[in-house]
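K.L.:
Before we start, here is the structure in question, set down as structure tokens.
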Amino acid sequence: MPTSLSTFGFLLLLLFISHEGGFIGTADAEHDLIATDSHNHRVHRHRRHRGHRRGEELEYSAISCRAYSASLDEFGAVGDGVTSNTVAFRDAVSQLSRFADHGGSLLFVPAGRWLTGSFNLTSHFTLFLHPDAVILASQEESDYEVIEPLPSYGRGRDTDGGRFISLLFGSNLTDVVITGENGTIDGQGEPWWGKFKRGELKYTRPYLIEIMHSDGIQISNLTFLNSPSWHIHPVYSSNILIQGLTILAPVTVPNTDGINPDSCTNTRIEDCYIVSGDDCIAVKSGWDQYGIAYGMPTKQLLIRRLTCISPDSAVIALGSEMSGGIEDVRAEDIVAIDSESGIRIKTAIGRGGYVKDVYVRGMTMKTMKYVFWMTGSYGSHPDEHYDPKALPVIQNINYQDMVAENVTMPAQLAGISGDQFTGICISNVTITLSKKPKKVLWNCTDVSGYTSGVTPAPCQLLPEKQPGTVVPCNFPEDPIPIDEVKLQRCYSRRRNM
């Protein structure tokens, strides 16, 4: 049986377009049945509201509204938590992709527990989860295609070979929205964690979401649980909005990073709550010689109103895979609880690249091992072919307006001999120590810069700039373009309640 719209159905669609004078696919819309495909899948076109609403509607905010919608259960899906719905998800996206150039489409995931393997997304597409919808990731390796390593990494992160494709995957897409009413995507990662720990995997574990070589991405108002590895990984992409997420993983499981923007431009991450066994947010841009050759930095990144719990890792990490460069990172209004470090810069000899123009302000931390942590000896490499002469550049790093309580050690700042980390500014920071702090509170080597209004007193390599006066660090006032993006208010009639 074919999996696309029937010829008759598609002709009917074209006749409707001609009769109505085109698609009206924005806000305040209803939808009517206009076509069925060969499997009797119903596709609904949204019309402008004409004074009444029939049934209950979805109402949501998005970068783009959609002209058409369908519900997952119309494609034979069964939400019992046991039946595999991989074919249904793939079929639904395939059907709805026909509308990419005609106002776009929305796939509604109703209440239920929807077990599935990996499926690909499409352009001008919204995946919308009901508040009681749970997408359950299959725990079977056979449900995940093995794909090539990322070119900026040269190998998988877990193994030398390829990597399992992510649960939700997309490449070369435009205008993709993954949102809902706080529905859940559960990675069911426990079997993967065990296999990784025992060395039983031939390929790198899948992520929950990976979107690459794409433009215009929104991920919002959802809960993510227990990814096999990283939860959300936009890579080689631009114009990305991530907001209103809850991301939860056991704090004892490594590599369960929350959000990892990787070689991305113009990204906004806001209003997220993350509990992780690894970095809550890890900013990346490629690994050693592979990242240097690929040469795509992460830049124009805004992070704000983030709350993080990460006892064994960082609230925000820059690196260690930063060989393509990281620049113009702005973070503000951050809350860290029971975490290893606040902002951590990780790099090594052989990385090359740079981390520069980093601005952090308004950070509150409670129960921390470190407040500030920089290391130039984070020594893992993809292979033995890295260039030991490729030294990273770390410069213009700005921290201000911070309060930290119950801290074991205020700062561990270690640059590279012959390759100082320069231009460090720390201003208006008050740190209260734990009952058993380290004897050396500030351990500084191969770094330079200044401080102002910092307690307890910093190391000699970061002298007070103007004693008795608090001199602020830099924080840009010009907006990053993604911060000026305004969401549309969209409507779509909700069914299958």
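K.L.:
For residues in segment 139-179 being of a type in the set (Phe, Trp, Tyr) and either open to solvent by less than 20 Å² (accessible area, probe 1.4 Å) or at pLDDT below 95 (or both), which is farthest from His124 (Cα to Cα)?
P.N.:
Tyr153
K.L.:
Based on what the data block shows, is Asp483 of a type in the set (D, E, K, R) and part of a loop (DSSP other than H, G, I, E, B)?
P.N.:
It is false that Asp483 is of a type in the set (D, E, K, R) and part of a loop (DSSP other than H, G, I, E, B).
K.L.:
Right, another one. Does segment 180-190 contain any residue that is open to solvent by less than 20 Å² (accessible area, probe 1.4 Å) and in a loop (DSSP other than H, G, I, E, B)?
P.N.:
There is at least one residue in segment 180-190 that is open to solvent by less than 20 Å² (accessible area, probe 1.4 Å) and in a loop (DSSP other than H, G, I, E, B).
K.L.:
When segment 265-295 is examined, which residues are found to be open to solvent by 50 Å² or more (accessible area, probe 1.4 Å) and under 25 Å from Lys486 (Cα atoms)?
P.N.:
Within segment 265-295, Asp271, Tyr273 meet the criteria.
K.L.:
Looking at Asp312, is it outside any strand (DSSP E or B), crowded, with 24+ Cβ neighbours inside 10 Å and of a type in the set (D, E, K, R)?
P.N.:
So Asp312 does not fit the description; no.
K.L.:
Would you mind finding the one in Phe75, Phe89, Phe99 that is buried (at least 22 other Cβ atoms within 10 Å of the Cβ), aromatic (Phe, Trp, Tyr) and touching an Asp or Glu at 6+ places or on another chain (Cβ under 9 Å)?
P.N.:
Phe75
K.L.:
Within segment 380-407, which residues are without any contact (Cβ under 8 Å) to a residue 60 or more places away in the chain and open to solvent by less than 50 Å² (accessible area, probe 1.4 Å)?
P.N.:
Once the filter is applied, which keeps residues that are without any contact (Cβ under 8 Å) to a residue 60 or more places away in the chain and open to solvent by less than 50 Å² (accessible area, probe 1.4 Å), segment 380-407 yields Ile394, Ile397, Val407.
K.L.:
Another question, then. Working only within segment 486-497, note down all residues that are over 25 Å from the mean Cα position of the chain (by Cα) and assigned to a strand (DSSP E or B).
P.N.:
Scanning segment 486-497 gives Tyr491, Ser492, Arg493.
K.L.:
While we're here: If we only count strands (runs of 3 or more DSSP E) wholly inside segment 234-300, which ones have 1 or more residues that are charged (D, E, K, R)?
P.N.:
Where strands (runs of 3 or more DSSP E) fall fully within segment 234-300 and carry at least 1 residues being charged (D, E, K, R), they are 265-275.
K.L.:
List, please: which pairs have Cβ atoms under 6 Å, are six or more places apart or on different chains, and start with a residue in segment 189-210 that is within 18 Å of Pro234 (Cβ to Cβ) and end with one that is among the β-branched types (Val, Ile, Thr) and surrounded by 19 or more Cβ atoms within 10 Å (Cβ to Cβ)?
P.N.:
That search, which allows pairs on different chains as well, returns Leu208/Ile185; Ile209/Ile232.
K.L.:
Go over the candidates Thr298, Thr307 one by one and state the one that is out of contact with any Leu (no Cβ under 6 Å at 6 or more places or on another chain) and surrounded by fewer than 23 Cβ atoms within 10 Å (Cβ to Cβ).
P.N.:
Thr307
K.L.:
Here's another thing I want to ask about it. Does any residue in segment 105-116 that is small (Gly, Ala, Ser) come within less than 6 Å, Cβ to Cβ, of a residue that is outside any strand (DSSP E or B) six or more places away or on a different chain, and which pairs are these?
P.N.:
Ser105/Arg66; Ser105/Leu96; Ser105/Phe99; Ala111/His130; Ala111/Asp132; Gly112/Gly79
K.L.:
Okay, next question. Among the residues of segment 191-242, which ones are open to solvent by 10 Å² or more (accessible area, probe 1.4 Å), under 20 Å from Asp271 (Cβ atoms) and either in contact with a Lys or Arg (Cβ under 8 Å, 6 or more places away or on another chain) or among the basic types (Lys, Arg) (or both)?
P.N.:
Passing the criteria: none in range.
K.L.:
How about segment 95-151: which of its residues are aromatic (Phe, Trp, Tyr) and either assigned to a strand (DSSP E or B) or within 26 Å of Thr246 (Cβ to Cβ) (or both)?
P.N.:
Phe108, Trp114, Phe119, Phe125, Phe128, Tyr144
K.L.:
In this structure, is Ile247 modelled with pLDDT of 95 or more, more than 19 Å from Val329 (Cβ to Cβ) and crowded, with 23+ Cβ neighbours inside 10 Å?
P.N.:
Judged against the criteria, Ile247 is a match.
K.L.:
A follow-up question, please. Counting only residues that are under 17 Å from Ser166 (Cα atoms) and of a type outside the set (Phe, Trp, Tyr), how many does segment 228-248 have?
P.N.:
9
The values are calculated or read from the model by the stated rules, or taken from the named source; none is laboratory data. This one's a predicted model, so the numbers in the text were calculated from it and none came from an experiment. Cβ atoms come from the backbone with ideal geometry, glycine included; neighbour counts cover every protein chain shown. The protein model used for the area step is the full one, side chains on, heavy atoms only, and it has no ligands, DNA or RNA in it. Shrake-Rupley method; radii C 1.70, N 1.55, O 1.52, S 1.80 Å.
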